1. Among the aspartates and glutamates, select those whose C-alpha is under 12 Å from the C-alpha of LYS172, and discard any that sit fewer than 8 residues away in the same chain.
2. So how do 122-135, 144-157 stack up, highest first, on mean other-Cβ count within 10 Å?
3. If every alpha-carbon in the stretch 250-300 counts as one equal scatterer, what log10 I(q)/I(0) does Debye give at q = 0.27, 0.28 1/Å?
4. When the expected Rg is taken as 2.2 N^0.38 Å, what fraction or multiple of it is the alpha-carbon Rg of the stretch 176-301?
5. What does the charge count around PHE279 come to, taking other residues whose C-beta lies under 15 Å from its C-beta (Lys +1, Arg +1, Asp -1, Glu -1)?
6. Aspartates and glutamates near LYS115 by alpha-carbon distance under 14 Å, same-chain residues fewer than 8 away left out - which ones?
7. Could you compute the FRET efficiency for GLU267 and ALA8, with r as their C-beta to C-beta distance and R0 at 22 Å, rounded to 0.05?
8. Could you tell me the distance between the Cα centroids of the stretch 217-238 and the stretch 145-202, to the nearest Å?
Amino acid sequence: MYNYEWTADDRLCSWMETRRRVRMNYEQLYNRTTVVVICSFLHKRRIFNRVYNRTCSRNISDATRPTSLRPVFINGMPINQPSPAPVTPPHVFLMHIHRDAVVTRLGDVISGRLKLVLYACSNDVKRSLPPHLDRIPLYNEVFVISQFWGTGVFHRMVEIVPRIVLFVDFLKANPGIRILAPEVGGRLAQLLGIIGLERLRLISGVARANIVYQPRSTRCGFPNVQEVQTLSQLYHRYIERSFPRQPRKRLILIRRSTSRRFSEQREIEAALKRAAADFNVTYTRFIDNPTPSLNETMTQY
């Protein structure tokens, strides 16, 4: 499994390497001590976070050389945890199975006197049951993949769908198990369809079930490497079966229309268009309003 480094010029690297204290924390695996994350405001809108003591490569050639994944991305602790917590080894894949349980819309599970809140981008540990239990839909078996921010593009791709990928064969063999997700249609249903799971199995919101399957969560800011890489292989196989091979001669600019967008969008677009012409590649804008279809997205990337 190989990855490619990102690079920047000296001015940007120097800015990234400047240490500033902020509220967000990362925790180291081995001594479980909290360390300061380095960040700064970008045009008063975007916060740039990085792992403590992260170096910035100034050599553009590093982006073309495959490297092994850094251990911190396998062993990193969740962001914003209020205190050190027990660490599950990254090679262990736990499945919590509950009987006679209530599942919240964020994927937390309440069974008896226990509420199990896995590490994610939310930590609602209140043990109170939802009101009007008799009105909550009751299912026989439910598989949970819902998490906070689950309808966002990034969170859907790297936090929600990867939670299910190691159990696709299990779910195919047991078609009666419903899948509790942040949404029941749209892009999520399309992505699950690619890996062989029907959209009719999706449910959302608060639910009750006789049996609840709760796979390990995706930690906030640290996608699980094993699940993400496995899902990537399934996507690649689907693309190879479904679409003709595309030449990799495309320069893509992701244009956001609301938050975290470039303040100098026009100037950046003009510069990339000139670069695409200079290097004889196709310049393409990937916009979010509206987002291209899933088929178009797969062929572009």
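Read the figures in this text as sums done on the coordinates, not as results from a lab. Note that the coordinates shown come from a computational prediction; the quantities given were computed from them, not determined experimentally. All Cβ positions, even for glycine, are placed from backbone atoms using ideal geometry, and neighbour counts span all protein chains on display.
1. GLU198
2. 144-157, 122-135
3. -1.07, -1.09
4. Taking N as the residue count of the stretch 176-301, the ratio is 1.36.
5. Details: positive: ARG248, LYS249, ARG250, LYS273, ARG274; negative: ASP278.
Computed value for this residue: +4.
6. Partners found: ASP100, ASP124.
7. Efficiency at R0 = 22 Å is approximately 0.80.
8. First find each Cα centre; the distance between them is then 13 Å.
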